[in-house]
1. So how do 694-704, 151-161 stack up, highest first, on mean other-Cβ count within 10 Å?
2. What whole-number distance in Å separates the alpha-carbon centres of region 671-741 and region 468-530?
3. Can you sort 393, 333 by 1.4 Å-probe accessible area, starting with the largest?
4. Spin-label point model (7 Å from Cα, Cβ direction): what's the residue 482 to residue 592 distance in nm?
5. To the nearest 0.05, what FRET efficiency results for residue 508 and residue 731 with a Förster distance of 56 Å applied to their C-beta separation?
6. Mind checking the angle between helix 40-50 and the chain's longest principal axis? C-alpha axes, 0 to 90 degrees, to the nearest 10.
7. Want the number for residue 530 to residue 85: 0.36 nm per residue separation, take away the alpha-carbon distance, what's left?
8. Report the calculated FRET efficiency for residue 443 and residue 308 (r = Cβ-Cβ distance, R0 = 56 Å), to the nearest 0.05.
Amino acid sequence: MKIYYRLFICLLFLSPTLADAQRPKIGVVLSGGGAKGLAHIGILKAIDSAGLKVDYITGTSMGSIIGGLYAIGYSADTIEKISRHINWELLLSNQSSMRSMIVEEKDEYGKYDIELPWVNHWFRLATGVIEGQELWLKFSELFRPVYTIKDFSKFPIPFKCIATDVSTGEAIVLDTGEVVTALRSSMAIPSVFTAVEYNGRKLVDGGVVRNFPVTDVRGMGADIVVGSNVSGPLRTSKDVTNPFQVLMQVAFFREAADTRKQIPLCNIYVNQPLEKYSMGNFGDAKAILEEGIEEGRRLYPRLKQLADSLNAIYGPQDLTTHRLPTVYPIKISSFEVRGLQHTSEGFFIQSMDLLTNHYYSADNLSRMVRRAFGTRYYNRITYSLAPQPDSTSRIIFEVEENPLTFAKIGLNYNQFSGISAILNLTSRNFFTPTSRSLVTINLGQNFRIRGEHLQYFSRRANFSFLLGTQFDNFRITTYNNKYKEAGLYDQNYFRAHTQFGYSTNRDLTFGVGSRFEWIDYDPSITSSLEFKGNNNFFTGYAFVRTNNLDRPVYPRRGLKFEAEADHVFPQNPHVDYFASPGARSDTSFSSAAYQRFLLSFDKYIPFGEKYTLFTHLQGGLNLHYKNNVMNEFSIGGMVSQFHNQVAFAGLREGTFYSSSVAMGVLGLRYQLFNNALITGRANVLFNNFITKSNFFTTPDFLSGYAVTFSYNFALGPLELSAMYNDQSKQVLGYLNIGIPF
C-alpha cells in the first residue's frame, strides 16, 4: 500500500496534465454481520474526518442499512447518534411499544411464554421468525427524505444493496423501488426474520451468498474501493461442537468462498471480525460501536493520506456537509389498503384516525400505524407513499392480519401459590365484530379461572363494554402477633362484573361499572382467623386508569395509575364466629352498606444507561366499615395475586389484615448485564388511620426492605429475593419464576 501512495506523489510531479484528467471515483463497501455491522459507523466517521468524498456505496444486511443511511445524506456522526438512541430490543422483536396498546389490552400483552395461532382448523407452532413491525416503521421514518426517489442511483450517493432469492439461491442486486423494502429484504436473516416480497420475488438476507459486495461497487464505476468487513472466518473443526453450528457452517460455505474472492478487489481493506460478539449481540451495541470508532481512528491516517494525495493531484473537492434532502409534512390525498380479510377498511383507517387532505410527518404516520397495530388485529403494517401529479401523495398500506384465535401458555412458580400452568384462549370477533373474548385457567396448587368479553364501539374504538367473571381458590397461611405461622384457611372468591369505559387516548380510560362478589373463608387450622362462612354483596364503582409504561416486564419509563371509588350495597354475611368457646352464629357482623376507595400509582424513571428509579404508592380505605368482615386488605408478599392483597416486602402473604392502608415503595433497579438485574427497595405501610377492624389486630406502622436478583429468560422473569421487616426482625427468602395468573 505504501507503493500505492508513492505512485500518487510521483504522478503529481511527472505528469503536469494529470490534474486535468478525471478524478478517480471512491467506492465504499460494508459487509453484513448483524449487530457487528454497527462497527461500520466508525469507518464512515473516519472517511468524513479525512475529507474523502464517497461516490458509490454498496452493502449487505446491516451494512446495507448503515450504507443506505449514508447514501441518502446522513453524516456518520448523525448515524452514530441514531444508533445510540435506538431501542434495539424493541426494534428487533415481534412487539410494538406497549404505549400503542389500548388500555384494556395492556394487561394481557407480553404475558405468556407460548402463543399458538389457530390456522387452517388447528393450532400451529409459532415460526419463531421476527416480522419486525417496529423495524419497518423506523426505516420509514429514517428514509422519509427520499420517499419520492425510486432509483437508488439518484440518491446523493448512488447505492445498491444485496438480497438472496429464496427460490433460486442467486444474489439479487436491489437498486430500484421502495428503499425501505429493499433494506428489509437485504437483512432478512433466514429463520430469524420473515422473507420479504419484492418485485415478484421472495427475498432473504444477501449475506447468504454475497456478504461483501465489492464487485458491485466496482461495476458502478468505483476506481478506489474502501471495504469494511465484520464477518469472521468459518469455524474450525474443533469449534463445531453441536448440530446447530454444523448447519450454520454449511449455510455460510458459499458466502465465505465469495468473500475470499471479493477481498483482493479492495484497495483499502478493513477487517473487523469482532470475535467476542455474535450477530445477535444488540445488547452490546454501544460496545461494538466504540470498537468500530477505535478502528476508524487507526484507519484515519491512511484515509487522510489518500484524500490529500487526490487533492494534490486533482485539486480540492467541494464536500457537501448537508446532503440529506429537506423533509416536509406530506399531504395525503388518498389511501389504499391491501391484505385485509377479517377486518374492514373502515375499521383499519378509523383505528389510525387517518384523514385525507391532511398533512402528516413521518412521526405522525408511525404513531398512527402503531395505534392500528395496538388493536392486536394486525401482525404487520407497512406503508409506501406514491407521489401524485398535484404534489400530494397516495399512501398504500400492506397489511398482514393476525389469526383471530390464539391459544397461549404460561408457566409460573411462586413461593406462595406454588407451581402453575396458565392456559389462555383468546379470540377476536367470536361473538360480535370488533370484540375480544378470552378464557384463562390457572392449573396448580391454587385453581383460578377467568372469562371476559370486551366489546369496542365508535369510530376510534374509544368506547368499550366489558363483561367478565372470575373464580379464585387460595390456601392461605395465617400468622400470630409474633409473626409465626398459626393457622391455615381456604379462601374462595367469585366475581361477576360489567363496566362501560371511555378512552381519551391510548393511555387513559375512565368509566363506571358494577360487580357482584362472593367471598368464603373455610379455616382448617384456626388461629387469628376466628370465623368461618361467606359474604356476598353488589358494588357500584367509578374508575380512572392510565398506563403509558414502555414495556410489560421491568419497564424503564412511564406511569401507571389506577383509582376506584366504590359503593358497597347492603351485604349478606353468613358467618360462624369462634372467638368464644363453642361455635356460634354471630349476628354482630354488619350487613350495612359502606364506601370504599382504592388507589395504585407506579412511576419509572431511567437514571443513566443502567439504572431505573421507581416508586409505588398504594392505598385502600373502607369507610363506615364497622363490624364488617371479609373485605379487609391482606398485607404481605412480593407479588400481588389474590383479592385485596397489598404486596409488602418483608412479610409473608396474609401476615396482617387491615381495613385502611397506605403504602409507599422507593426502589432502584440496576442492569448487571443483558437480562440480569438487581433491585433494591424499601417500603413503609400505615394502618388503621381511618377505620380499624374489630376482628384483627394489626400494627399501625410497618417497614421493610428487599433485594432482588432477576434474570429475564424464555419462561419470563426469575426473581430471587431476600427481604427484611423491622418489626419482626426476620430475614426471609422469596422466589418467583414467570408471570402469575
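The values are calculated or read from the model by the stated rules, or taken from the named source; none is laboratory data. As the structure is a prediction and not an experimental result, all values here were calculated from the model. Methodologically, a virtual Cβ is constructed for each residue, glycine included, from the backbone with ideal geometry; neighbour enumeration extends over all protein chains shown. These accessible areas exclude ligands, DNA and RNA; they are computed on the full protein's heavy atoms, side chains included. Shrake-Rupley method; radii C 1.70, N 1.55, O 1.52, S 1.80 Å.
1. On the way: 694-704: 16.7, 151-161: 20.5.
Output ranking for 694-704, 151-161: 151-161, 694-704.
2. About 19 Å separates the Cα centre of region 671-741 from the one of region 468-530.
3. Working: 393 0, 333 35 Å².
Descending order: 333, 393.
4. It works out to 3.8 nm between the two label points.
5. Values: r = 41 Å, r/R0 = 0.73.
Plugging the Cβ-Cβ distance into 1/(1 + (r/R0)^6) gives 0.85.
6. The answer is roughly 50 degrees.
7. Details: separation 445, 0.36 × 445 = 160.20 nm, distance 5.79 nm.
Gain in length upon complete extension: 154.4 nm.
8. Details: r = 73 Å, r/R0 = 1.31.
It comes to 0.15.
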